[in-house]
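Structure record follows, encoded as structure tokens.
The values are calculated or read from the model by the stated rules, or taken from the named source; none is laboratory data. A quick note: this is a predicted structure, and the numbers were derived from the prediction, not measured. As a convention, Cβ positions derive from the backbone with ideal geometry for all residues, glycine included, and neighbour counts pool all protein chains shown. To get the accessible areas, we keep the full protein, side chains included, count just its heavy atoms, and leave off ligands, DNA and RNA. Shrake-Rupley method; radii C 1.70, N 1.55, O 1.52, S 1.80 Å.
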Amino acid sequence: MPRDTDPDTVTPTGESRLALVRRARKMYRELSELHPDAHAELDFTTPLELLVATILSAQCTDKRVNQVTPALFARYPDAEAYASARREELEEMIRSTGFFRAKANNLIGLGQELCERHGGEVPGNLADLVKLPGVGRKTANVLLGNAFDVPGITVDTHFGRLVRRFGWTDETDPVKVEHAVGALFPKRDWTMLSHRVVWHGRRVCHARKPACGACVLAPLCPAFGEGPTDEATATKLLKMRSFA
């Protein structure tokens with residue numbers, strides 16, 4: 001029997017592996033109905049733009065990045081432009097995203113690496129992406145899933161927090177979380193699973209006070225009760241409009 005459905009495997013919640021797979025997939029179906037339009041909330045039109053925006057989003061909100069990138073993308077339309085950028089000018093354009101010196105260094109290095117090793121194009125595979133300046137596994141999976149349609153699980157703060165609350169895994173290392181959660185779902189679901197879990201974390205299952213009493217996942221969630229269970233109180237915590 002495949003590892004992901006072995007009924008004798010003990011899980012963090014004490015349920016069988018088979019029961020965990022069934023519960024996790026039912027939770028995902030509920031998330032799909034609640035957040036059918038979930039998507040990457042960084043604005044982009046090309047793989048390079050998404051890569052740059054994702055690098056800028058480190059320790060910064062998507063809203064702020066989206067305010068910065070229109071002028072940035074117009075000024076630096078390709079890898080060669082980043083490779084030859086004047087550092088002071090680039091730093092000033094991205095200053096409001098925080099850690100702008102390190103980010104500028106990564107963007108210039110990114111442009112140079114793309115020009116020298118990839119013909120100025122962003123590679124569409126994990127092995128090459130993680131070798132680029134400023135690109136870790138999380139950033140690479142964002143790019144693969146949203147620019148190249150290659151399924152991937154993106155483990156950001158929201159995703160890691162929620163899948164532990166859901167009892168899908170008790171791992172804390174992002175790579176181990178990625179593999180543990182990926183084993184519960186068909187590969188074709190990975191990218192949208194990432195979006196929908198993150199959307200739920202931003203809109204319903206908040207870090208400090210989750211809206212438990214207004215959450216469709218309540219009957220399936222082992223962490224029910226960490227936030228207000230009264231529906232009226234919980235409903236006031238919802239942020240179902242587009243995240244800002």
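State whether region 147-207 is rounded, prolate or oblate according to the following rule on the C-alpha gyration tensor (a ≥ b ≥ c being the square roots of its eigenvalues): a/c under 1.5 gives rounded; otherwise a/b larger than b/c gives prolate, and the remaining case gives oblate. Note, shape of region 147-207 comes out oblate. For the options E88, E113, E178, a Gaussian network treatment of the chain with springs between C-alpha atoms closer than 10 Å singles out E88 as fluctuating the most. P(r) tail for region 22-146: Cα pairs beyond 26 Å make up 24% of the total. For the chain, the Cα-based Rg and Dmax, in that order, read 19.6, 59 Å. Could you compute the FRET efficiency for A71 and K239, with r as their C-beta to C-beta distance and R0 at 25 Å, rounded to 0.05? With a Förster radius of 25 Å, E is 0.35.
In the context of the full set of protein chains, region 3-74 has a per residue accessible area of 51 Å² (1.4 Å probe). Modelled label positions at D78 and K26, each set 7 Å beyond Cα in the direction of Cβ, lie 5.4 nm from each other. The calculated P(r) of region 160-244, using every Cα pair and 5 Å bins from 0, goes 3, 15, 23, 25, 17, 12, 5, 1 in percent.
Each principal axis of the Cα cloud of region 88-163 was evaluated for its coordinate range; sorted largest first, these ranges are 40, 31, 17 Å. Across the cross-link table entries K63/K187; K63/K236; K103/K138; K103/K187, which are compared at the Cα atoms, the separations over 26 Å belong to K63/K187; K103/K187. A crude spin-label estimate for the pair R86 and V10, with each label 7 Å from Cα along the Cβ direction, gives 6.5 nm. Within the accessible area of the chain, the carbon and sulfur atoms contribute 50%, probe 1.4 Å, all protein chains present. Taken as Cα centroids, region 64-128 and region 14-55 sit 27 Å apart, rounded to the nearest whole angstrom.
Over all orientations, region 97-219 has a Cα convex hull whose mean projected area works out to 8.9 square nanometres. Exposed loop sites here mean trypsin sites (Lys or Arg not before Pro) with a DSSP loop assignment and at most 16 other beta-carbon atoms within 10 Å; the chain contains its longest site-free run at 1-85.
Springs join every pair of Cα atoms under 10 Å in this Gaussian network model of the chain, and among V150, V142, V197 the largest mean-square fluctuation is at V150.
Taking the helices alone, the chain has a mean residue ellipticity at 222 nm of -15000 deg cm²/dmol, built from -39,500 (n - 2.57) per DSSP H run of at least 4 residues and averaged over all its residues.
Projected label points at K209 and T46, each 7 Å from Cα along the beta carbon direction, are separated by 4.5 nanometres.
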